[in-house]
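Everything on this sheet refers to the single structure shown next.
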Amino acid sequence: MFGCSGDILACIRLRKSGIGKILSGCPSLASFLLILIQSNSSETGENMRPLLDMDTIQIEITNACVLQCSNCTRLVGHHKQPFFMDMDFFKKAVDSLINFPKMIGIMGSEPLLHPHFKELSLYLHSKIPRERCGLWSTFPRSKRQYAPLIAQVYGNILLNDHSTEGLKHAP
């Protein structure tokens, strides 16, 4: 089920679905996913939900954000340098999900801050139908120029600008 290269997980092959054909380049994430997949049960002994049963699979393209919430569940703003997924890695992620029948979500902390957001979105649009593309964003004012692109590419837009009391994060 797993293909490894050295001590870095280079390939995850999921039975039945073929989802996630390739995941490489991030040892800590790969190790986490290996542990997550291998521990296929909870403390109560129930099986974890298979990926094919998920409504959405997210591709996290950055940890950069316009906010620095002290209680952020994604640890946003609590790092020295932001991470931006490179285009080749993004292509591998999207290509591995082409046959996933449900929503492919683009998120991060704030995906619109990615310096190649337009190129990433257009690649996603070239591979995945609009109605299966999702975007999780705070939609910062400085990125309003992306509105036409977002309307073209994403059939599901999940906005959380953190202005509503009690609603502090998405997903």
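Cβ-Cβ below 9 Å, separation at least six or inter-chain, first residue in the stretch 144-166 and part of a strand (DSSP E or B), second of a type in the set (D, E, K, R) and surrounded by fewer than 12 Cβ atoms within 10 Å (Cβ to Cβ): which pairs? Going by the 9 Å Cβ cut-off, the qualifying pairs are ASN156/GLU131. Among the residues in the stretch 131-139, are any touching a His at 6+ places or on another chain (Cβ under 8 Å), modelled with pLDDT of 90 or more and hydrophobic (A, V, I, L, M, F, W, C)? Looking through the stretch 131-139, at least one residue is touching a His at 6+ places or on another chain (Cβ under 8 Å), modelled with pLDDT of 90 or more and hydrophobic (A, V, I, L, M, F, W, C). Within the stretch 141-155, being among the charged types (D, E, K, R) and surrounded by 17 or more Cβ atoms within 10 Å (Cβ to Cβ) holds for one residue alone: LYS143. I'm trying to understand the selection: among the residues of the stretch 118-158, which are of a type in the set (Gly, Ala, Ser) and more than 19 Å from ILE98 (Cα to Cα)? Answer for the stretch 118-158, where residues must be of a type in the set (Gly, Ala, Ser) and more than 19 Å from ILE98 (Cα to Cα): SER137, SER142, ALA147, ALA151.
The values are calculated or read from the model by the stated rules, or taken from the named source; none is laboratory data. What you are looking at is a predicted structure, and each value in this text was computed from that prediction instead of being measured. Counting neighbours? That spans all protein chains shown, and the Cβs are built from the backbone with ideal geometry, glycine included.
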